[in-house]
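First up is the structure itself, then whatever we jot down about it.
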Amino acid sequence: MTVMTRIASAFGVTRAQDAAGSLAQVAPPPRTPALGDPRGMIAVYRAVQVITTACAQLPLIVERGGAILTGAQVPALIRQPDPRLGRSAWITHMVASLALHGNAYARIERDPGGAVLALRPLDPRKVWVRVNPTTHALVFGAEGTTLTRDDILHAHLQPAAVSEPLGLGPVQAARADLAGAARIRDFAAQWFDGTGQPTGILTSDAATYEDAVRVRNAWNGLDEKGERVDQSMNPSGIKVLPRGFQYSPLAISPKDAQWVEAQEFSILQVARLFGVPSTLMLAAPQGGSMTYSNVEQDWISFTRFSLMAYLRPLEEALSDVAARGQDVRFNLDALLRSDTKTRYDAYAVALANGFMTVDEVRALENRDPITPEEPQ
């Protein structure tokens with residue numbers, strides 16, 4: 001073994017032929033850290049919650065020939081994509097799949113005539129996608145069955161690689177950064193238990209070494225042999241000190257430990273990763289100022305450049321399974337206009353100039369049209 005080989009081995013670098021008997025080449029050690037459910041981190045859970053909540057409250061609009069369908073004209077598939085779930089719950093399932101995995105799938109269930117009955121969300125971790133090398137058609141595998149595009153609704157975020165049918169989600173793209181944030185969280189939680197940092201000091205002016213050891217063990221719930229004492233009779237963990245002993249707790253300032261700064265940085269990193277404004281993450285960078293105008297602009301940018309990354313793939317996927325000539329889209333007006341008064345003022349201008357009707361306005365507000373018997 002050469003000197004360079006020994007150095008490489010010390011750093012965990014091996015030759016590919018040593019590991020698999022293939023062509024000789026340098027193979028770097030794996031850099032994909034294990035990361036469980038990222039929603040175990042508060043910032044990730046909050047970011048996914050903000051995105052799914054924003055998407056779930058948006059009404060779906062169906063257009064045909066430039067006209068918006070209303071009332072009974074709207075296909076039942078769009079009003080409730082899966083009869084087993086509410087519309088908002090269905091959107092939440094699909095958007096959460098996109099945010100956490102980069103891909104969202106739904107099994108298309110049809111009646112004997114081929115009409116779509118339901119779009120049942122699938123766990124993206126249990127779906128595989130391949131490309132037929134001959135026809136270049138997509139082939140899906142789910143629930144132990146091989147499926148085609150006619151059987152699966154598939155939406156994804158930006159492609160993991162050019163020409164690949166799979167999407168790359170924020171969690172997959174920044175797995176190493178999220179693992180680092182998780183380590184900061186775990187380090188803070190285990191500071192006293194796992195680092196040997198004492199929680200306090202027992203002092204006495206007259207105790208011998210043996211007395212000190214005995215009192216310390218009793219304080220920690222150990223007997224004279226160092227074995228754990230049954231605490232069932234003392235569930236609240238009350239401590240009793242012998243005469244002459246005093247207990248002084250040791251506390252470390254979170255600021256001194258730089259936990260606050262590290263965790264704030266992690267929150268802002270997650271906010272950037274998911275494209276969520278820091279105001280919606282209930283956090284703000286130090287030195288930043290929040291006014292009504294810049295918060296409103298943040299929300300508009302969030303709608304246009306973050307939410308649309310999730311909404312547009314779902315719009316196209318739903319349009320593909322809708323009847324020919326029908327386009328499905330989300331109504332973003334409620335998010336792009338910040339308050340009810342501004343929205344209603346815009347409707348008043350549209351009604352006064354005759355380029356919108358009352359029923360069209362009601363559709364934008366997710367309300368049923370006025371029947372002919374009701375006054376307009």
### Message
Can you pull out every residue in the range 308-334 that is of a type in the set (Gly, Ala, Ser) and either touching a residue at least 40 places away in the same chain (Cβ under 8 Å) or surrounded by 19 or more Cβ atoms within 10 Å (Cβ to Cβ) (or both)?
### Response
Ala309, Ala317, Ala322, Ala323, Gly325, Ala334
### Message
Between a residue in the range 115-135 that is in contact (Cβ under 8 Å) with a residue 60 or more places away in the chain and assigned to a strand (DSSP E or B) and any residue that is of a type in the set (Lys, Arg) and surrounded by 11 or more Cβ atoms within 10 Å (Cβ to Cβ), which pairs come within a Cβ distance under 9 Å, given they are 6 or more apart or on different chains?
### Response
Val116/Arg110; Leu119/Arg107
### Query
Which one of Ala155, Ala176, Ala182 is assigned to a strand (DSSP E or B) and within 22 Å of the chain's Cα centre (by Cα)?
Ala155
### Query
Which one is farthest from Leu202 (Cα to Cα), of the residues in the range 217-235 that are surrounded by 10 or more Cβ atoms within 10 Å (Cβ to Cβ) and of a type in the set (Gly, Ala, Ser)?
Gly221
### Task
Would you mind finding the one in Ala104, Ala96 that is within 22 Å of Tyr45 (Cα to Cα) and surrounded by fewer than 22 Cβ atoms within 10 Å (Cβ to Cβ)?
Ala96
### Candidate set from the range 43-93 (those that are without any contact (Cβ under 8 Å) to a residue 40 or more places away in the chain and closer than 30 Å to Phe187 by Cβ); member that is surrounded by the most Cβ atoms within 10 Å (Cβ to Cβ)
Gln49
### Summary
Across (1) in a strand (DSSP E or B); (2) over 16 Å from Glu316 (Cα atoms); (3) touching a residue at least 12 places away in the same chain (Cβ under 8 Å), Val139 clears everything bar (3)
### Message
Take the residues in the range 244-276 that are modelled with pLDDT of 80 or more and not in a helix (DSSP H, G or I); name whichever of them is surrounded by the fewest Cβ atoms within 10 Å (Cβ to Cβ).
### Response
Ser248
#### Entry: Residues satisfying the stated conditions in the range 106-134, i.e. within 13 Å of His156 (Cα to Cα) and touching a Lys or Arg at 6+ places or on another chain (Cβ under 9 Å)
Ala106
### Query
Give me the pairs: first residue in the range 155-172 and without any contact (Cβ under 8 Å) to a residue 40 or more places away in the chain, second residue surrounded by fewer than 13 Cβ atoms within 10 Å (Cβ to Cβ) and charged (D, E, K, R), beta-carbon distance under 9 Å, and six or more apart or on different chains, which are they?
Pro165/Arg130
### Query
How about the range 139-170: which of its residues are crowded, with 21+ Cβ neighbours inside 10 Å and β-branched (Val, Ile, Thr)?
Ile152
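The values are calculated or read from the model by the stated rules, or taken from the named source; none is laboratory data. Given the structure is predicted, the values throughout are model-derived calculations rather than measurements. Quick reminder, even Gly has a Cβ in these numbers, built from the backbone with ideal geometry, and neighbours come from all protein chains shown.
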